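What follows is a short report on a single structure.
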Amino acid sequence: EAQVTQNPRYLITVTGKKLTVTCSQNMNHEYMSWYRQDPGLGLRQIYYSMNVEVTDKGDVPEGYKVSRKEKRNFPLILESPSPNQTSLYFCASSLDVGSSYNEQFFGPGTRLTVL
Amino acid sequence: QQPVQSPQAVILREGEDAVINCSSSKALYSVHWYRQKHGEAPVFLMILLKGGEQKGHDKISASFNEKKQQSSLYLTASQLSYSGTYFCGTEFTSDSNYQLIWGAGTKLIIKP
């Protein structure tokens, strides 16, 4: 089944404890992206990647890191989480960049709480 | 830069029509529409490109007005399954590296 998977789905942690949220897609998609979703603010892009080893900042990159060593994986790293990073996180992927058909496929989401 | 969606929320009876608008202060290259049900991931509905394109499938359609810098999503004869939050995502240029700027969402509640 074509899908984007994220792990963990739920995470409660404490301030300053490094964590990684994994994202993997099995559709051979070039483009991958991380979003955070907060009530009343919609989706805000954290980082995106147009291909392996190519990543770039989105609108809210502060406090986050990413890497794209393999095409299928795009982990999100919080080196020192803070309470303002409590949010719902989505990973998404799409087949191509720049084409007229850029449907994004979203993972199921990771609900992160930082105490 | 974030597009403005209106209304913020709407409650309808099954069978009624709804219009959701997405307006930008900058010229748009494309508009993407997604629907998100509570506790789930957003799901793609359609993309409209610069050129006044109008698309639709089933009873959900959308238009893109470049001059007004806005897109509208039309839900005709709404069904219970249409409930959810609708988001528009906007691109301002063709070489934006596919960086979408999303609206805050419109919550649609359909009652029997």
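Computed from the coordinates by the stated procedures, all read-outs in this text should not be read as laboratory data. Predicted model only: the values in this text are computed from it and were never measured. Backbone-built Cβ (ideal geometry, glycine too); neighbour counts: all protein chains shown.
Need at least 3 residues that are within 13 Å of chain A (Cβ to nearest Cβ) and touching a strand residue (DSSP E or B) at 6+ places or on another chain (Cβ under 7 Å) per element, so show me which strands (runs of 3 or more DSSP E) inside region B:1-62 make the cut, counting only ones lying wholly within it. Show your work before the answer.
Working: elements: B:4-6, B:9-13, B:18-23, B:30-36, B:43-49, B:54-57.
The strands (runs of 3 or more DSSP E) meeting that bar are B:30-36, B:43-49.
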Identify all residues within region A:24-67 that are in contact with a Lys or Arg (Cβ under 9 Å, 6 or more places away or on another chain), more than 11 Å from chain B (Cβ to nearest Cβ) and among the hydrophobic types (A, V, I, L, M, F, W, C); write none if there are none.
A:MET27, A:ILE46, A:VAL52, A:VAL60
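Per-residue answers, yes or no, for (1) of a type in the set (D, E, K, R); (2) assigned to a helix (DSSP H, G or I); (3) under 27 Å from A:PRO39 (Cα atoms); (4) free of Cβ contacts under 8 Å to residues at least 24 places away in the same chain:
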site: A:VAL60; (1), (2), (3), (4): no, no, yes, no
site: A:GLY63; (1), (2), (3), (4): no, no, yes, yes
site: A:LYS71; (1), (2), (3), (4): yes, no, no, no
site: A:ILE77; (1), (2), (3), (4): no, no, yes, no
site: A:PRO81; (1), (2), (3), (4): no, no, yes, no
site: A:ALA92; (1), (2), (3), (4): no, no, yes, no
site: A:ASP96; (1), (2), (3), (4): yes, no, no, no
